[in-house]
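The values are calculated or read from the model by the stated rules, or taken from the named source; none is laboratory data. Small disclaimer: the values here were computed from a predicted structure and weren't measured. Note that we place each Cβ from the backbone using ideal geometry, even for glycine, and neighbour counts take in every protein chain shown. We work out accessible area using only protein heavy atoms, side chains counted, and drop any ligands, DNA or RNA first. Shrake-Rupley method; radii C 1.70, N 1.55, O 1.52, S 1.80 Å.
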Amino acid sequence: MTSILSLIRGECKALWHSPWQLALVSYIPLLSILCLWWLFSAGLPRQLPVAVVDQDSSQLSRELTRKLAANPVVSPQGFVDLQGAVTAMKQAEVYAIIVLPYGLKRDLVTGHSPTIDIRYNSQFLLVGKLLSSQIQLTLGAGLLDVAEEKLLLQGVPKSQLTVNLSPVTSQTTALFNRNNNYVGFLVPPVLVALWQLLAMLTFSNSLSRELTPEGQLTPGEGIWLRVLAKLAVFTPLLLLQGGFILVFLYQYLSLPAAGSLGLLIVAQAVMLLAVWLLVLLIFFLMRDSARMVSFGTAMFAPAFAFMGITFPVHEMPVVAQWWRLIMPSSHYVDSHVSVISYGSGWQTVAGQLTSYWGFLLIIPVLVLLSRRMNTHSVSLSASSKGSA
């Protein structure tokens, strides 16, 4: 007990005297969280530039353009020809193109079916989806007047117009994220991905202190006692960061949360243990500080893409789905969504936490690698003494 306590005190002392490590557990997470929240603080994209190529130049086409301008999401930009609009979209000056064809109103009134060409840049996944839906809704509403005029010319009674135009009405009610607020939708998983990356960097830097320049263990207590001391110091500190994220989002910003935040703290603790196991595996395999950080960053940096928030998991390639299983944050986000959106309880979260079982297979590998590392270090020490 005395040994582990002295190791914990030594770890705290090393943390205090390491400006970079101290920054990783103090102000860097705080500033990163606030900056990412500020980037999405608008909540919903507004006034997105959309190219409008008006080939009809009629009263109807101008009315449709005015209705597009009235939509808070769309900012129509006039273009003379389609080629110029396409060039602007390739240069990311506009996110979508609307082509109002020549003879639009005439074809509508005379029973023809003109085609309104709508194109959007699908590389901007969320922006493209938002613009596609908003443009179609706006143009559909703008064309109702022409449809009514056509029906009246055909002799349909005015009292029957609504029934003929919309024989089946539908109502869409969003159960979650009703205001399409990007803060509640994107910021939590982005912050979790960032938090996981910071946890990896913190633990990797701490483990690096246990290596000699030759990549061997420094003399002292057994490696596992030193690892336990690091876990005792950094697990509570990282959980404070994770708790701050939850309190900031769901208490200070008052984002809707259907379930208990305490369940998410438990899920975060299990996620951190999985991260520690992966970092330890990289440590025993690499045994080099620079390579550890480089490999860990390459592994954890794209974590957000594998969470299934912006792209459905079942549509990912098989390799991507396997890679997702390696990411502790991907397992955590399932519990996060179920608690925040669905109000899931202990039983559901406990069942989801069993998905981490694969990380337990790392433990015997770590034991074998640590024994080999210890044996090699002892043999090198013995040979150096013999040479002396």
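Of the helices (runs of 4 or more DSSP H) lying entirely inside the stretch 300-373, those containing at least 2 residues that are touching a Ser or Thr at 6+ places or on another chain (Cβ under 8 Å) and of a type in the set (A, V, I, L, M, F, W, C) are 346-353.
Taking every residue in the stretch 1-14 that is of a type in the set (Ser, Thr, Tyr) and pairing it with any residue that is modelled with pLDDT under 90 and outside any helix (DSSP H, G or I), at least 6 positions away or on another chain, the pairs with Cβ-Cβ distances below 7 Å are Ser3/Glu221. In the set Val279, Val266, Val275, only one residue is β-branched (Val, Ile, Thr), assigned to a helix (DSSP H, G or I) and open to solvent by 20 Å² or more (accessible area, probe 1.4 Å); that residue is Val266. Scanning the stretch 84-112 for residues that are farther than 24 Å from Ser133 by Cα and of a type in the set (S, T, N, Q) yields a total of 1. The one condition from (1) farther than 16 Å from Val187 by Cα; (2) touching a residue at least 60 places away in the same chain (Cβ under 8 Å); (3) hydrophobic (A, V, I, L, M, F, W, C) that Met316 does not meet is (2). Scanning the stretch 56-71 for residues that are touching a strand residue (DSSP E or B) at 6+ places or on another chain (Cβ under 6 Å) and buried (at least 16 other Cβ atoms within 10 Å of the Cβ) yields a count of 4. Only a single criterion out of (1) part of a loop (DSSP other than H, G, I, E, B); (2) under 25 Å from the mean Cα position of the chain (by Cα); (3) surrounded by fewer than 16 Cβ atoms within 10 Å (Cβ to Cβ) is not satisfied by Thr115, namely (2). Name every residue in the stretch 249-263 that is under 19 Å from the mean Cα position of the chain (by Cα) and either over 16 Å from Val333 (Cα atoms) or open to solvent by 50 Å² or more (accessible area, probe 1.4 Å) (or both), in order of residue number. The answer is Leu253, Leu255, Pro256.
Criterion applied to Ser329, Ser355 was being of a type in the set (S, T, N, Q), modelled with pLDDT of 90 or more, surrounded by fewer than 18 Cβ atoms within 10 Å (Cβ to Cβ) and under 23 Å from Trp276 (Cβ atoms), and the one residue passing it is Ser355. Close Cβ contacts (under 8 Å, 6 or more residues apart or on different chains) running from residues in the stretch 227-248 that are surrounded by fewer than 18 Cβ atoms within 10 Å (Cβ to Cβ) to residues that are among the charged types (D, E, K, R) and at pLDDT below 95 comprise Ala232/Glu11. Within the stretch 1-53, the residues that satisfy the criterion of being assigned to a helix (DSSP H, G or I) and farther than 25 Å from Val227 by Cα are Leu30, Leu31, Ser32, Ile33, Leu34, Cys35, Leu36, Trp37, Trp38, Leu39.
Take the conditions (1) modelled with pLDDT under 90; (2) open to solvent by 30 Å² or more (accessible area, probe 1.4 Å); Ser294 misses just one of them, which is (1). The lone criterion from (1) loosely packed, with under 13 Cβ neighbours inside 10 Å; (2) over 30 Å from Phe248 (Cα atoms); (3) touching a helix residue (DSSP H, G or I) at 6+ places or on another chain (Cβ under 9 Å) left unmet by Val80 is number (3).
Cβ-Cβ distances below 8 Å connect the following pairs, each with a first residue in the stretch 97-116 that is on the phi > 0 side of the Ramachandran plot, a second residue that is open to solvent by less than 40 Å² (accessible area, probe 1.4 Å), and a separation of six or more residues or different chains: Gly103/Asp56; Gly103/Pro114. Of the numbered criteria (1) among the hydroxyl-bearing types (Ser, Thr, Tyr); (2) within 15 Å of the chain's Cα centre (by Cα); (3) closer than 27 Å to Leu217 by Cα, the one Ser330 fails is (3). Among the residues making up the stretch 336-373, those that are touching a residue at least 60 places away in the same chain (Cβ under 8 Å) and of a type in the set (Phe, Trp, Tyr) are Tyr342, Trp346, Tyr356, Phe359.
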